[in-house]
Amino acid sequence: MAPAVRGRAFTLTELLLAVGLLAVVLLLMGRIFAAAAAVTRAGEAVTQVTRETAAIERQLRSDFDRLAGDGILAIRCVAVPNDLAGAARLLDPARPADAMLRCDQLLYFTTGVQSAQTFRTGQRLDRKGEAAAARVYFGHAFQLGASGRPAEVSADGVHGWDALDPVAPWTGWCEAASVPLVRTRFTTAGGDGDVYQRGIVTPARIGSVEARRWLLVRQAILLADDETTRPGGNGKTVYLDQVPSARSIFLDDPRPEVGFAPQVRDGRVDAAATQLDDLRRILSWGPAGSRPRRVRHALVSDSLLHYPRAERRAPSTHRVDQALTTSVIGSACSAVTVDWTYAKPGDAASPQPWFGLPDAARGVAPRSAAGDLERLGRSGSIETYEAVFGIGDERWPTALRVTLTLHDDAMTLQRGREVQFVIDLRRRAGMS
């Protein structure tokens, strides 16, 4: 009988070598998959930012194609230090501590039929609110987040919280981050058609929102008024018995019968009982005739240019809370920069001058060191520049340059992606 053939077993050394080789292969495969996943995430992030950029540019160009020559165009440039809250707590941790974050704002008026998106009870096909002109704001918005959640929802209205005083996107980073909130009751019926009432005021601490999570909004407010009562009447708070409306587009309307009108800033309405002819009359009329230009500029600056409220997610399913999300066109925007220019005469080879907040690195400076057209200011470490067109006989800009730093929702692009487009205004109807 032949002896049994015994198979040779692996030695311990061979087993360790095989396991080591397998570990190396798995490690390499993991890195390959991780790299592929990173490339995929980066591609998705770029796609999201590119898609948002295209939508934003398309909307702005459409707006300025319909720019109202008898309205106004206001530009406010705001530069906020990244270390506003200290070097250990930066507004944007992906930027140097000494960087300045731009939070510029645009305000303008457009013509053409536009429809309301916010309704008093439920959309009725026979009472869809439309208007032939709109006031449009473009820039950052502030967020109240959890602080602005409704306290009560009832059959005839909702109690929500709104900011009593002006709030900026960076307010939560400041030492005095506790702001007064006012409870607003939005009703579906009331005396003379009143659809909102403001009541109890209480201080609340609002959360700090990182700059890469700031919202970019285009807030369009229909200029709509369907009744002839006094400007401050309750009938001005509803349009066509269907669309909630602010009494005025001015935060503090100079007409005593209107006064404080915060609903546009609150972000819960998209109509106001102010027409273009009202705008011109309010900005030019005064006890002694025409208001001085510096007074008109101050009125625009103090009462028309402000950061509105918007939310990434609505505090509730109620329609007045859902309205807080409708103006958002950029889900993550850490910087908005706006420059303007006139058509350049003379030598075509010389660089095109751009005007705005002084920035030597970008070649931008105010057009003039004096005059009422522009104003430079500073509040602590925050720098501002303002230019208002349409409240005098000065020429309008011939172009705007808008520069944005956009981020994807997942923050894959840590420093974001800078995009820029130039909007030509020279062929806009009604403009000189």
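The values are calculated or read from the model by the stated rules, or taken from the named source; none is laboratory data. On a predicted model such as this, the values are computed, not experimentally measured, just so you know. Please note: Cβ atoms are built from the backbone with ideal geometry, for glycine as well, and neighbour counts cover all protein chains shown.
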Filter result (among the aliphatic types (A, V, I, L, M) and within 17 Å of L164 (Cβ to Cβ)) within segment 232-268: A246, L251, A261, V264
Cross-chain or 6+ apart pairs with Cβ under 8 Å, segment 39-50 first and at negative phi, then of a type in the set (S, T, N, Q): R41/T412; A42/T412; E44/T412; A45/T412
Counting only residues that are touching a helix residue (DSSP H, G or I) at 6+ places or on another chain (Cβ under 8 Å) and among the charged types (D, E, K, R), how many does segment 305-328 have? 4
May I ask you to list pairs of residues, at least six apart or on different chains, whose Cβ atoms are under 6 Å apart, with the first in segment 377-402 being free of Cβ contacts under 8 Å to residues at least 60 places away in the same chain and the second being in a strand (DSSP E or B)? G377/T384; A399/T341; A399/V422; A399/D424
Exactly one condition in (1) over 27 Å from I391 (Cβ atoms); (2) basic (K, R); (3) surrounded by 22 or more Cβ atoms within 10 Å (Cβ to Cβ) is not met by R309; state its number. (1)
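Residue-by-condition table, conditions (1) farther than 28 Å from G139 by Cβ; (2) among the β-branched types (V, I, T):
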site: T11; (1), (2): yes, yes
site: L16; (1), (2): yes, no
site: L27; (1), (2): yes, no
site: I32; (1), (2): yes, yes
site: D70; (1), (2): no, no
site: P81; (1), (2): no, no
site: L84; (1), (2): no, no
site: D92; (1), (2): no, no
site: A99; (1), (2): no, no
Scan segment 222-272 for residues that are in contact with a strand residue (DSSP E or B) (Cβ under 7 Å, 6 or more places away or on another chain), surrounded by fewer than 20 Cβ atoms within 10 Å (Cβ to Cβ) and free of Cβ contacts under 8 Å to residues at least 24 places away in the same chain and jot them down. D226, F260
Just a yes or no: is a residue in segment 93-116 modelled with pLDDT under 90 and surrounded by 21 or more Cβ atoms within 10 Å (Cβ to Cβ)? yes
When you check T325 against the structure, is it out of contact with any Ser or Thr (no Cβ under 6 Å at 6 or more places or on another chain) and either surrounded by 16 or more Cβ atoms within 10 Å (Cβ to Cβ) or of a type in the set (K, R) (or both), yes or no? yes
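Considering only segment 119-161, state which residues are in a strand (DSSP E or B), crowded, with 18+ Cβ neighbours inside 10 Å, modelled with pLDDT under 90 and not small (G, A, S).
Listed by number, the residues that qualify are V158, W161.
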Restricting to segment 202-245, name every residue that is of a type in the set (V, I, T) and either under 21 Å from V258 (Cβ atoms) or in contact with a Gly (Cβ under 9 Å, 6 or more places away or on another chain) (or both). I206, V209, V217, I221, T228, T229, T237, V238, V243
Residue within segment 293-314 that is of a type outside the set (V, I, T), free of Cβ contacts under 8 Å to residues at least 40 places away in the same chain and more than 30 Å from A45 (Cα to Cα) present: yes
Just checking, does segment 359-368 include any residue being closer than 22 Å to P81 by Cβ, out of contact with any Ser or Thr (no Cβ under 7 Å at 6 or more places or on another chain), at pLDDT below 90 and surrounded by fewer than 17 Cβ atoms within 10 Å (Cβ to Cβ)? no
